[in-house]
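> This is the structure I want to talk about, given as structure tokens.
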Amino acid sequence: MRLPPRAAAKKLAIQVEISIILAVVRLTQRIAVVGGGVLGVMHAVMARRRGYEVVHLEREAEARGASVRNFGLVWVSGRRAGAELGLALRARELWEELGAAVPGLGFRPAGSLTLATDEAELRVLKEAAGLPDADRRGFELLDQSAVRAVNPALRGDLAGGLLCRADAIVEPRQALPALRGYLAGEDYQWLPGREAVEIAPNAVRDHTGAWHHCDLVILCPGATFTGVAGRYLGHLARDGVRRVRLQMMQTAPLAERLTTAVANGESLRYYPAYDLPGRAQLPPVPPVAERTRAQLLLVQRADGALTIGDTHEYAEPFTFDVDEDPYDHLRARAEALLGAPIPRIQRRWAGVYGEVTTENPLAAGRGLYHRSEVEPGVVLVTGAGGRGMTCAPAIAEETFR
Ligand SMILES: Cc1cc2nc3c(=O)[nH]c(=O)nc-3n(C[C@H](O)[C@H](O)[C@H](O)COP(=O)(O)OP(=O)(O)OC[C@H]3O[C@@H](n4cnc5c(N)ncnc54)[C@H](O)[C@@H]3O)c2cc1C
């Protein structure tokens with residue numbers, strides 16, 4: 001039957017409208033992110049920046065993993081020259097950008113001071129200050145009085161310090177909810193209390209039975225090497241991914257401001273940037289620091305509290321309780337640098353991160369983290385180790401590149 005011309009034009013207009021809507025629906029790609037830690041949240045941020053719809057699953061009511069247990073250090077200073085430093089510097093830019101848009105992150109470009117208490121440690125700091133990439137890190141070697149001019153709270157006995165202007169601080173207990181608040185809208189769906197239990201190409205099923213079909217699933221399970229990611233991580237464990245447990249503590253607020261983050265000379269033994277000739281001349285650390293692989297890192301929270309750590313335990317099964325000996329050691333080290341007692345310890349906790357230990361030729365990440373397509377349309381990203389908070393935004397950016 002022939003329609004009158006006006007009705008035919010109307011029908012055509014409706015058909016055009018429907019095909020435009022279908023095209024838009026097809027163009028708006030949908031991403032499912034599993035894991036509400038910093039890697040999951042940064043993938044959600046980068047996906048939304050590119051216009052994708054995001055559904056975000058987290059098995060707990062709120063993230064409880066390494067991302068809320070860390071120092072909140074955006075730590076450039078100790079990174080290995082080359083790819084690791086490049087990733088950390090790009091991440092530092094992205095954190096600063098996000099910090100301007102999301103004040104709840106508590107981003108502060110505070111810098112850090114790594115302090116020497118003897119000549120051997122000072123020698124390593126001098127060598128670090130002379131590195132070809134010292135400018136990119138914002139390194140400057142300071143004597144005792146210059147250290148105190150930068151950070152007057154450091155009244156203890158010091159041989160000198162290495163200022164790193166590139167280091168920064170965020171508030172780990174606030175950052176993830178703040179970023180989710182920034183994403184809030186109809187194209188971002190946060191689903192806490194949903195554990196991903198099954199993976200299929202381009203889809204993930206949560207424990208309620210709901211399937212989330214999408215263009216891409218991004219699994220960011222942190223140090224959970226069992227469960228849905230377990231079948232992929234089984235072979236990764238052989239290929240160099242391990243878990244590390246750290247002990248931490250936090251004091252009541254200190255009345256005075258600490259203008260920078262602080263590290264002591266023990267950290268010179270561990271961070272790759274300080275793998276310099278002077279390292280071999282460093283005296284041994286006390287047995288408790290050797291046994292627990294302790295190094296002092298000290299960060300003041302926005303409310304004045306001091307987050308103090310850390311230790312490193314590599315052998316599983318990990319201890320389930322916390323050991324007081326390294327806490328005594330770290331407290332004594334902090335008080336020696338501040339030249340004053342620290343406030344009462346208010347909180348103690350332990351955290352676990354996963355880290356790649358060797359470069360896996362099947363994975364992207366250059367040995368700095370693991371990323372691989374484990375099923376068609378399903379990508380696993382984990383293993384960023386002690387650099388995960390720092391590098392998360394740049395890692396997420398690389399996933400979308
Ligand atoms: C004590 C400590 C201090 C640290 N300090 C720093 C620091 O100052 N600077 C720095 O750069 N790095 C630091 N790190 C490292 C950094 O915190 C981690 O690399 C980073 O937080 C890892 O983020 P993630 O998102 O991969 O893991 P996580 O934060 O562990 O998040 C993973 C999330 O996935 C969820 N999940 C797992 N399986 C499922 C599933 N099947 N379904 C749904 N959800 C699931 C978990 O519940 C969890 O919330 C520190 C780590 C620790 C432990």
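Here, each number is a calculation from the coordinates, and none is a lab measurement. Every value quoted in this text rests on a predicted model; they were computed, and no experiment measured them. All Cβ positions, even for glycine, are placed from backbone atoms using ideal geometry, and neighbour counts span all protein chains on display.
> Mark the label point 7 Å from the Cα of ARG50 along Cα→Cβ and return the residues of the stretch 206-224 whose backbone N is within less than 13 Å of it.
The answer is 215-218.
> Below 8 Å between Cα atoms, with a sequence gap of 6+, how large is the relative contact order for the chain in percent?
Relative contact order for the chain comes out at 24 percent.
> So if I place +1 on the C-beta of Lys and Arg and -1 on the C-beta of Asp and Glu, and nothing else carries charge, what would the dipole magnitude of the chain be about its Cα centre? I want it in debye, nearest 20.
With Lys and Arg at +1 and Asp and Glu at -1, about 1320 debye.
> How much of the calculated P(r) for the chain lies past 39 Å, in percent of all Cα pairs?
Details: 18578 of 80200 pairs.
Pairs farther apart than 39 Å: 23 percent.
> Run the numbers for SER372 and ARG155: contour at 0.36 nm per residue of separation, minus the present Cα-Cα distance, in nm.
73.3 nm
> Continuing with this model, one more query. Using the count of nearby Cβ atoms within 10 Å as a rough guide to exposure, how do CYS164, CYS220 rank from fewest to most?
Fewest to most other Cβ atoms nearby, the residues stand as CYS164, CYS220.
> Over all alpha-carbon pairs in the stretch 157-247, figure out the percentage whose distance exceeds 18 Å.
Here the tail beyond 18 Å accounts for 67 percent of pairs.
> Out of all Cα-Cα pairs in the stretch 275-330, roughly what percent, to the nearest whole number, are more than 18 Å apart?
49
> Translational diffusion coefficient, Stokes-Einstein: compute it for the stretch 23-125 using the Kirkwood radius over C-alpha pairs as Rh, at 4 °C and 1.567 mPa s, and state it as an integer in µm² s⁻¹.
Working: Rh = 16.7 Å.
Estimated diffusion coefficient is 78 µm²/s.
> Determine the principal axes of the Cα atoms in the stretch 194-311, then give the extent along each, sorted from largest to smallest and rounded to whole angstroms.
Computed over the Cα atoms, the extents are 54, 39, 25 Å.
> Around VAL244, what is the net charge, scoring Lys/Arg as +1 and Asp/Glu as -1 over all other residues with Cβ under 13 Å from its Cβ?
Charge balance near VAL244 sits at +2.
> Subtracting the Cα-Cα distance from 0.36 nm times the residue separation, let me have the gained length for HIS312 to GLU140 in nm, one decimal.
59.1 nm
> Tell me, what is the FRET efficiency for THR226 and GLU359 to the nearest 0.05, using R0 = 25 angstrom and their Cβ-Cβ distance as r?
Plugging the Cβ-Cβ distance into 1/(1 + (r/R0)^6) gives 0.55.
> Taking only the alpha-carbon atoms of the stretch 302-346, what semi-axes of the equivalent ellipsoid follow from 5 times the gyration tensor eigenvalues under a square root, in whole Å, largest first?
Details: eigenvalues 116, 31, 17 Å².
Here the semi-axes work out to 24, 12, 9 Å.
> Here is a further query. Considering the options LEU85, GLY99, LEU73, tell which one lies farthest towards the positive end of the dipole of the chain, charges being +1 on Lys and Arg and -1 on Asp and Glu at the Cβ, about the Cα centre.
Positive-end residue among those listed: GLY99.
> If neighbour count is taken as other Cβ atoms inside 10 Å, put SER67, SER112 in order from fewest to most. All intermediate terms of the calculation are to be shown ahead of the outcome.
Values: SER67 27, SER112 30.
Arranged by neighbour count, lowest to highest, SER67, SER112 become SER67, SER112.
> For a footprinting-style exposure proxy, rank MET46, MET249, MET389 by other Cβ within 10 Å, fewest first.
MET249, MET46, MET389
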